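A quick write-up on the structure given underneath.
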Amino acid sequence: SSTARKTDDGALEVGGVDLRALVAEHGSPAYVLDEADFRSRARAFRDAFAGYDVYYAGKAFLCTTVARWVAEEGLSLDVCSAGELTVALRAGFDPARIGYHGNNKTTAELRRAVTAGVGRVVVDSFQEIERLAAVTRELGATARVLVRVTAGVEAHTHEYIATAHEDQKFGFSITSGDALDAVRRVLDAPGLELRGLHSHIGSQIFDTSGFEVAARRVLSLHAQVSSELGVTMPEMDLGGGFGIAYTTQDDPSDPAQLATELTKIVEHEARALGIEVPELSIEPGRAIVGPAMCTVYEIGTVKEVGLDAGARRTYVSVDGGMSDNIRTALYDADYSCTIASRRSEATPVLGRVVGKHCEAGDIVVKDEFVPGDLVPGDLLAVPGTGAYCRSMASNYNHALRPPVLAVRDGAVTIAVRRETEDDLLRTDVGA
Ligand code: LLP
């Protein structure tokens, strides 16, 4: 659970570190990563899902420090690119506990993954199965494989982050027969060891009904493979996607309750099909790292704007924006904010927190009542920015991506340093 609290004079403290002191030393904006909170969420998943393999989804946020925490807490790691794999290996993460995802892995990437000895490759196309088979032949190696399938579920989430309905790029369709075909081809390849099926239905999901439908369809394929091909696949991965609270209206996922529900669902469906329950795994990213980070910004300007019907809105501009948090612009995501540098007794006014980029959609917090006396120099913290913010950050307008500062017991450790203008110019050959 979060170590964030307000000090007596109204400042925000995380991991025993006063954010005023943190900004004074390290500047703003900055992502503040609460180590104890991250570890306790990782542990909560590992403990609640005892008997499952829990893969932390590195796409939500990954750096070597976090990869080491994940290893220390006894979780496995899901990477979905060569870059993520490199970070994991650089951190000394046990390759046997890494799962490698992606819908368009190149031969070179597969070669690296197999050479490194990753524990499983989640295959996503017929071409990839051929490439991977060729790589294992060439290297005289064996790769353990999960076949990613689409369970045909419409998860109730934003269209761009729902991944298990039919008309999207991931996985093999179960209904079309492609998934069964993929299983056959993996079985036919001598260097590939078929471990099972993988399904990921989407992200920021609160309701387990989507998992129920997915489990039923994926397990039916397990049953079909064993009756038609005489092969029992030992594993099934249910993916990630467990939702978190971004604003107080949301309902956070409780790992213990989730584990109970998912296990019950899988046991029930397996019993109905008359098959054994496979070894299960999940891949939570957001639910572990999302709430463990906040972004601290400094306010630069405050502007009041008249709205229709005489209402007014206060535009609070901070020293970051869509380059460090694209989620509001991209997914219409909801965030909240809190003043982090002092107490304010001022009457709240309707506000909007915006960045410093050259477009009107550069919004961090869409609608929030903010203290009516905010001034330049005040610090603002936006909670819940651990997942898909730093990992999706860009250099738009040549912004410098903020550092990730890990806080714990009153101490700050730089996990990822702030970019410099030299970093920006490094790839500009003409500079
Ligand atoms: N496993 C697979 C195969 C995935 O594709 C994903 C996320 C996860 C696990 C982890 O999902 P999580 O537990 O973090 O929800 N950028 C979007 C989310 C994209 C999710 C992509 N895949 C966002 O900011 O909401």
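The values are calculated or read from the model by the stated rules, or taken from the named source; none is laboratory data. These numbers were taken from a predicted model, which means no experiment stands behind them. Don't worry about glycine lacking a Cβ; one is built from the backbone with ideal geometry, like all the others, and counts go over all protein chains shown.
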Here are some conditions: (1) over 25 Å from ALA30 (Cβ atoms); (2) among the polar types (S, T, N, Q); (3) in a strand (DSSP E or B). THR314 meets all but one. Which one does it not meet?
-> (1)
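Yes or no, residue by residue, for (1) in contact with a helix residue (DSSP H, G or I) (Cβ under 6 Å, 6 or more places away or on another chain); (2) surrounded by fewer than 22 Cβ atoms within 10 Å (Cβ to Cβ); (3) within 25 Å of THR247 (Cα to Cα); (4) in the same structural domain as GLY240 (by TED's automatic domain parsing):
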residue	(1), (2), (3), (4)
THR338	no, yes, yes, no
THR385	no, no, yes, no
VAL407	no, no, yes, no
ARG417	no, yes, no, no
THR420	no, yes, no, no
Considering each residue of the range 76-125, count those that are within 16 Å of the ligand (Cβ to nearest atom), without any contact (Cβ under 8 Å) to a residue 60 or more places away in the chain and in contact with a Lys or Arg (Cβ under 6 Å, 6 or more places away or on another chain), and give that number.
-> 3
Among residues of the range 257-299 being within 30 Å of GLU35 (Cα to Cα) and either of a type in the set (S, T, N, Q) or over 30 Å from the mean Cα position of the chain (by Cα) (or both), the residue surrounded by the most Cβ atoms within 10 Å (Cβ to Cβ) is THR295
Mind telling me which of the residues THR232, THR248, THR208 ends up being over 26 Å from the mean Cα position of the chain (by Cα) and either within 16 Å of the ligand (Cβ to nearest atom) or β-branched (Val, Ile, Thr) (or both)?
-> THR232
Of the residues LEU22, LEU77, which single one is assigned by TED's automatic domain parsing to the domain that holds SER281 and either in a helix (DSSP H, G or I) or crowded, with 18+ Cβ neighbours inside 10 Å (or both)?
-> LEU77
Is it the case that VAL225 is assigned to a helix (DSSP H, G or I) and at pLDDT 95 or above?
-> yes
Any residue in the range 382-398 that's of a type in the set (Gly, Ala, Ser) and part of a helix (DSSP H, G or I): show its pairings with residues that are at pLDDT 95 or above and within 11 Å of the ligand (Cβ to nearest atom) at Cβ separation under 8 Å, as long as the two are six or more apart or on different chains.
-> SER391/LYS59; SER391/ALA60; SER391/PHE61
